[in-house]
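Read the structure below first, then the notes.
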Amino acid sequence: MGYGLKKLSLALSAVVIAYLLMYSGTKFDPADVQDKKVLITGASSGIGKQMAYHFAKMGANLVLTARRENLLKEVIEKCKQLSPNPNANHAYIVADMKELQKTKDVIKFSVDALKGLDILVLNHARLPTTFKLWFGSQQNLTDLATDMDINFRAYVHLASHALPHLLKSKGRIAFVSSVTERFPIPGMTMYIAAKHAIQGFFGVLRQEMVLRNTGVSVTSCIVAGTSK
Ligand SMILES: *[C@@H]1O[C@H](CO)[C@@H](O)[C@H](O)[C@H]1NC(C)=O
């Protein structure tokens, strides 16, 4: 998945945002995003970074998180330049999603910085750098735990800590998935398993949000990239 991802991300991020807003049930008006309080994970590069720029252009308040501080700083600077709103808040917090206990800090930081939360965009992922076959070795099992922590459990933890705030704002959870989850591609067991887990979990959470009449929406953004 590492290949060509950078080039794709620019075009894809627009698609992801369109999905996010279209499937919220109302017609998309960029003005709806203005002044919204948005947290994006995996925002230092790729689709997350491009989403940050789109949200900034629409005047949203942003907290970005990722592992690499130098990149986050650059993205924040550009968000400031792109924002039409001089009072918009743009902050970042460095976190590695493999440390699940950090997810609580990320939400707390965001809610403090933004004074609430309207939109949680779950986008970070550990992408497979090469195709690796599953042999069932101890190494595979150890790696599975880390992969599921980052690519699945961190999504659930972030959403859980954010939920009280999203209930208040009748906010949104959006998570980025990929068409690859629909195909049993050899060499991608762990990544595809995690994406399935996300779909399963958040598909049910969506129904529960409706059932409980919370006004919180849950949106699945399925990236379907082709070359160029
Ligand atoms: C599983 O472990 C073996 C070594 O024991 C390694 O060659 C292979 O790439 C690993 N597969 C995955 C999916 O990590």
Candidates Gly42, Gly59, Gly46, filtered to the one that is in contact (Cβ under 8 Å) with a residue 12 or more places away in the chain, farther than 21 Å from Arg172 by Cα, among the small types (Gly, Ala, Ser) and surrounded by 17 or more Cβ atoms within 10 Å (Cβ to Cβ): Gly46
One residue from Gly203, Gly187 being without any contact (Cβ under 8 Å) to a residue 40 or more places away in the chain and loosely packed, with under 14 Cβ neighbours inside 10 Å: Gly203
Unmet criterion (only one of (1) within 16 Å of the ligand (Cβ to nearest atom); (2) free of Cβ contacts under 8 Å to residues at least 60 places away in the same chain; (3) touching a Phe, Trp or Tyr at 6+ places or on another chain (Cβ under 6 Å)) for Pro128: (2)
Filter result for the condition that a residue is at pLDDT 95 or above and away from the ligand (no atom under 16 Å from the Cβ), over Val223, Val179, Val204: Val204
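Within the range 25-39, track down each residue that is part of a loop (DSSP other than H, G, I, E, B) and modelled with pLDDT of 90 or more. Outline the logic, then answer.
In the first step, residues of the range 25-39 are kept if they are part of a loop (DSSP other than H, G, I, E, B); the result is 25-29, 33-36.
Selection gives Val33, Gln34, Asp35, Lys36.
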Matching residues in the range 159-218 - criterion: being closer than 20 Å to Thr41 by Cβ, among the aromatic types (Phe, Trp, Tyr) and out of contact with any Ser or Thr (no Cβ under 9 Å at 6 or more places or on another chain): Phe201
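Here is a yes/no grid of residues against (1) of a type in the set (Val, Ile, Thr); (2) crowded, with 17+ Cβ neighbours inside 10 Å; (3) within 18 Å of Val176 (Cβ to Cβ):
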{"position": "Val63", "(1), (2), (3)": "yes, yes, yes"}
{"position": "Ile76", "(1), (2), (3)": "yes, yes, no"}
{"position": "Ser83", "(1), (2), (3)": "no, yes, no"}
{"position": "Phe152", "(1), (2), (3)": "no, yes, yes"}
{"position": "His157", "(1), (2), (3)": "no, yes, yes"}
{"position": "His161", "(1), (2), (3)": "no, yes, no"}
The range 141-154 residues that are over 19 Å from Ala66 (Cβ atoms), paired with ones that are assigned to a helix (DSSP H, G or I) and near the ligand (Cβ under 9 Å from one of its atoms) (beta carbon under 9 Å, 6 or more apart): Asp143/Met190; Leu144/Thr189; Leu144/Met190; Met148/Met190
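The values are calculated or read from the model by the stated rules, or taken from the named source; none is laboratory data. All values derive from a computational prediction rather than experimental measurement. Neighbour counts run over all protein chains shown; Cβ positions are idealised from the backbone, glycine included.
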